[in-house]
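A short worksheet on the structure shown next.
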């Protein structure tokens, strides 16, 4: 007994010693290329009806299998440990609670196609609800929890499918290849390929029976479904003009659940989207850009039965993001918006149009959602030193509290660099915002090579979210400069439209002015400058190397070079027509703006990267630049990623791109 008491005392003293022994500080290290696998994506936030739980999706990267998978989680709103709902090698996304709290629905591809599955909150394994031929894109619960509406493409016509199967059986060549026949003006779309005559429509599925029926039809695509509070109608956006492929005139419509009768709510010839009923069903809020190209998204309001629309956010010349929600008393609408490299949270009062900023600062907010009782706002937040985590704020608070710790332990190991926010004047006095990221062991008395990053869009912006690429380049010993030149969003409509039909002029000069601004600081080796961009960023790289020999190395990813040959070979014929006109009517403008016109001036070693099936900026555009430089004797290389569209989706290709970018800049700038 005495020995046991001594043992207990010893254990107690040992415990006390462990508690009061100072913790050994974590030895931090530089970020590395392999850390790419550690970053996770969080999205699809959904409150439970009792406001106690928040479900969400976490997308992780599997290094060994070189693939992604996504799982469902939920966490107490007031804080506490998160619970895993699904865990397997497939994709589970979009968790959505039924209004009565009995089910948690989600999309899963575990049966081969993206279908709706259900958790019964009383217990048991999830089970498959829908079994249709097409992938389901998005879905929404009816207010009485009896039905789910979803968006999916038409199934293939049975007779045509049987004929095609018979032809494939008789074909002596590769039976997996299908003959492609198209007859639409919008004949292809990046990520989808060539388009047939199947369209995305609204479907309904009964929770009790699993019976599925199609609610809408015709040669139109529907999107953005939202039930009316009484459950009698579904609002949606769709282009139902005579020639939907020839314009962007999407309107807000409503379809009667019982009869299938469709009525039009908005009538303006502009693209309207994301309808959302007020909680009393009297009004519909929606987004409408000021113009299809370089337009700023404003929040609008219209009576649910149609009538005169009101521009709610007219006083805010900033881009409103798609996720917005009505307050419980219908007094406010909560929304997020882009502003000077940040994404902030605000609300607008319906009667006065007065806008109140709630959560702002050097941070980026995404995936906003509102609790059923209207008390809590949840969103994913990130900043320059912290990857995505979930935050919750009270409806009237300007402070948000973090409730997840998905990246905390990993980030604690890293020695990161804080981007320096800079503002400078361009060639004509226009103020431009940018960021400068220095190496971890920066010494102002040394000279560093510098990489200039250029964002795509062009209507997009670099922001204050965690930037893995920039952190990686800084860890490799480069100074990294990136900015938001004219054409970027987040600075108002006039700023975004400043490059209308004038690419590679003001925007490129804004970037060059920023480089000059940084060079004056004295720690950059002006003979070791590199430039790298993807999509429109790659286009600006093409302009840069044809207009200046300032750069020692360049990387152009998924770019265009000859705009005349873009028309009809990419999926953006409407964009070209709206901004530059028809190519046969404005041949000189197309030719004058094309970077390939001045390709003979290029002296910069340039790496070209592109997906094999990129239909946004087709591969031949990069090939033209590559062959031209090769013919001119300029150092160049072309890398083609098989089975990839505009945005590289396969992990092995994303890693390969990062490795090649680092190797190219290390070769020419160090």
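The values are calculated or read from the model by the stated rules, or taken from the named source; none is laboratory data. Predicted model only: the values in this text are computed from it and were never measured. Ideal geometry is used to build each Cβ from the backbone, glycine not excepted, and the neighbour counts take in all protein chains shown.
In summary, strands (runs of 3 or more DSSP E) completely within the range 385-484 and bearing 1 or more residues that are crowded, with 19+ Cβ neighbours inside 10 Å occur at 386-394, 431-437, 448-454, 479-484. Go through the residues of the range 575-584 one by one and say whether even a single one is closer than 21 Å to residue 294 by Cα, without any contact (Cβ under 8 Å) to a residue 60 or more places away in the chain, buried (at least 24 other Cβ atoms within 10 Å of the Cβ) and touching a helix residue (DSSP H, G or I) at 6+ places or on another chain (Cβ under 9 Å). Looking for residues that are closer than 21 Å to residue 294 by Cα, without any contact (Cβ under 8 Å) to a residue 60 or more places away in the chain, buried (at least 24 other Cβ atoms within 10 Å of the Cβ) and touching a helix residue (DSSP H, G or I) at 6+ places or on another chain (Cβ under 9 Å), one finds none in the range 575-584, hence no. Take the conditions (1) part of a strand (DSSP E or B); (2) surrounded by fewer than 20 Cβ atoms within 10 Å (Cβ to Cβ); residue 224 misses just one of them, which is (2). Pairs linking a residue in the range 393-416 that is closer than 23 Å to residue 84 by Cβ to a residue that is in a loop (DSSP other than H, G, I, E, B) and at pLDDT 95 or above, with Cβ atoms under 6 Å and 6 or more positions apart or on different chains, are 406/40.
Okay, residues lined up against (1) closer than 18 Å to residue 98 by Cβ; (2) in contact with a helix residue (DSSP H, G or I) (Cβ under 8 Å, 6 or more places away or on another chain):
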{"position": "195", "(1), (2)": "no, no"}
{"position": "198", "(1), (2)": "no, no"}
{"position": "203", "(1), (2)": "yes, no"}
{"position": "207", "(1), (2)": "yes, no"}
{"position": "211", "(1), (2)": "yes, no"}
{"position": "214", "(1), (2)": "no, no"}
{"position": "217", "(1), (2)": "no, no"}
{"position": "221", "(1), (2)": "no, yes"}
{"position": "227", "(1), (2)": "yes, no"}
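Flag set for residue 61, criterion: under 25 Å from the mean Cα position of the chain (by Cα), touching a residue at least 60 places away in the same chain (Cβ under 8 Å) and either surrounded by 16 or more Cβ atoms within 10 Å (Cβ to Cβ) or under 23 Å from residue 146 (Cα atoms) (or both). Among the residues making up the range 311-327, those that are under 18 Å from residue 371 (Cβ atoms) and modelled with pLDDT of 95 or more are 324, 325, 326, 327.
Annotation note: Cβ proximity below 7 Å between a residue of the range 197-219 that is on the phi > 0 side of the Ramachandran plot and at pLDDT 95 or above and a residue that is part of a loop (DSSP other than H, G, I, E, B) and surrounded by 13 or more Cβ atoms within 10 Å (Cβ to Cβ) (sequence gap 6+ or interchain) occurs for 210/129.
For the range 114-131, enumerate the residues that are surrounded by fewer than 18 Cβ atoms within 10 Å (Cβ to Cβ) and at pLDDT 95 or above. Once the filter is applied, which keeps residues that are surrounded by fewer than 18 Cβ atoms within 10 Å (Cβ to Cβ) and at pLDDT 95 or above, the range 114-131 yields 120, 127, 128, 131.
Out of 560, 525, 510, one residue alone is more than 24 Å from the chain's Cα centre (by Cα), surrounded by 18 or more Cβ atoms within 10 Å (Cβ to Cβ) and either on the phi > 0 side of the Ramachandran plot or touching a residue at least 24 places away in the same chain (Cβ under 8 Å) (or both). It is 510.
One residue is enough: does the range 327-350 have a residue meeting the conditions part of a loop (DSSP other than H, G, I, E, B), without any contact (Cβ under 8 Å) to a residue 24 or more places away in the chain and over 19 Å from residue 418 (Cα atoms)? The answer is yes, given that some residue of the range 327-350 is part of a loop (DSSP other than H, G, I, E, B), without any contact (Cβ under 8 Å) to a residue 24 or more places away in the chain and over 19 Å from residue 418 (Cα atoms).
Could you list, in sequence order, all residues of the range 56-97 that are over 24 Å from residue 401 (Cα atoms) and not in a strand (DSSP E or B)? Listed by number, the residues that qualify are 63, 64, 65, 66, 86, 87, 88, 89, 90. The residues in the range 64-83 that are under 24 Å from residue 148 (Cβ atoms) and surrounded by fewer than 16 Cβ atoms within 10 Å (Cβ to Cβ) can be counted, and the count is 1.
The set of residues from the range 541-556 being over 24 Å from residue 658 (Cβ atoms) and assigned to a loop (DSSP other than H, G, I, E, B) comprises 548, 549, 550. The requirement of being touching a strand residue (DSSP E or B) at 6+ places or on another chain (Cβ under 8 Å) and more than 26 Å from residue 395 (Cα to Cα) is satisfied by residue 255. Taken over the range 284-309, the criterion of being touching a residue at least 40 places away in the same chain (Cβ under 8 Å) and in a strand (DSSP E or B) is satisfied by 284, 285, 286, 299, 301, 302.
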